[in-house]
Amino acid sequence: MNTGWGHWLAENNQTPTGNPFGLIDDDDDESGDDSDQKYVPGTEYLIDWRAGAVVSQEAVDAYGLDMCFTTGDISDEVWESMQGKTYKENPYIGRDDLQHIKVLHWDYDNQIHLGEMICNHLIAGTVCNIMRKLFEAKYPIQRMLLPDVYDADDEAQMRDNNSSCFCYRPISGSSKLSKHARGLAVDINTLYNPYYKDREDGTRYVQPATAVEYCDRTQNFPYKIDHDDLCYKLFIDEGFEWGGDWTSCKDFQHFELKGE
């Protein structure tokens, strides 16, 4: 199946904007002659949007930064991959309620990574804008893959420090649907910002189970979200609430839209 950018443009009667094929001038000739253009290695990852890939600044410049922060409809290929995993048949939310976000993010390796999320259309543009501001600030996000890569296993993706949004599932330890089930909640750097709840018997439930040490928020460690954190400030400014402020439990990775 051809799912590349050029195929999408043709199928949807669209004209390319920016420089979707990653060509740059090989010299300073302003004659308009395209014969001196050369292909920039790495732009194939951007054209096909291979989430998780690392790309150079040169490839981003050639492709066009604006084209690296987009929201759009979910392709047939992605929608098919979601079935029985993050998406299950239900009466509350369907394909038309959701959008596919593609963004860039930095990590502590000082490299540019490709990321993607599925979000409710109500927050898709906002989340995309937040991610662009985080990128411009070189805010570290380790991984941003669709949870379907992990077969929608929440424990597995959190152990991998994956950041994501939509997954049709209940709240941890409950039968009530999570706001993730409507694509209205975003989790960021999940291993280092875990969920925990202290039970009446004195035990503590932690998710992911490998994140016990990161429940102590007095300690310093990478990817930590707190009230001084840029990610926290951007989401709060856009009308989200933070799970780290909850009293019945703590969910330091979690930002959800208020009142929806």
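The values are calculated or read from the model by the stated rules, or taken from the named source; none is laboratory data. These figures come from a predicted structure and were not determined experimentally. Neighbour counts are summed over all protein chains in view; Cβ atoms, including those assigned to glycine, are modelled from backbone coordinates with ideal geometry.
Observations on the structure shown:
- Among the residues making up the range 215-228, those that are in contact with a Phe, Trp or Tyr (Cβ under 9 Å, 6 or more places away or on another chain) and surrounded by fewer than 20 Cβ atoms within 10 Å (Cβ to Cβ) are C215, R217, F221, P222, K224, D226, H227.
- One residue alone among Q14, Q83, Q37 is surrounded by fewer than 18 Cβ atoms within 10 Å (Cβ to Cβ), over 20 Å from I141 (Cβ atoms) and modelled with pLDDT of 95 or more, and that residue is Q83.
Conditions (1) outside any loop (DSSP other than H, G, I, E, B); (2) of a type outside the set (G, A, S); (3) over 28 Å from N110 (Cα atoms), marked per residue:
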position	(1), (2), (3)
E213	yes, yes, no
T218	no, yes, no
F221	no, yes, no
D226	no, yes, no
C231	yes, yes, no
L234	yes, yes, no
S248	no, no, yes
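- Close pairs (8 angstrom Cβ cut-off, 6 or more residues apart or separate chains): closer than 18 Å to L145 by Cα and touching a residue at least 24 places away in the same chain (Cβ under 8 Å) in the range 43-66, of a type outside the set (F, W, Y) and in a helix (DSSP H, G or I) anywhere: Y45/A59; L46/A59; L46/V60; L46/M67; L46/C68; I47/G6; V55/T43; V55/L46
- Odd one out for A152, checked against (1) part of a helix (DSSP H, G or I); (2) more than 13 Å from the chain's Cα centre (by Cα); (3) buried (at least 20 other Cβ atoms within 10 Å of the Cβ): (1)
Yes or no, residue by residue, for (1) farther than 19 Å from N120 by Cβ; (2) part of a loop (DSSP other than H, G, I, E, B):
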| residue | (1), (2) |
| --- | --- |
| D148 | no, no |
| A156 | yes, no |
| L191 | yes, yes |
| E200 | yes, yes |
| V206 | yes, no |
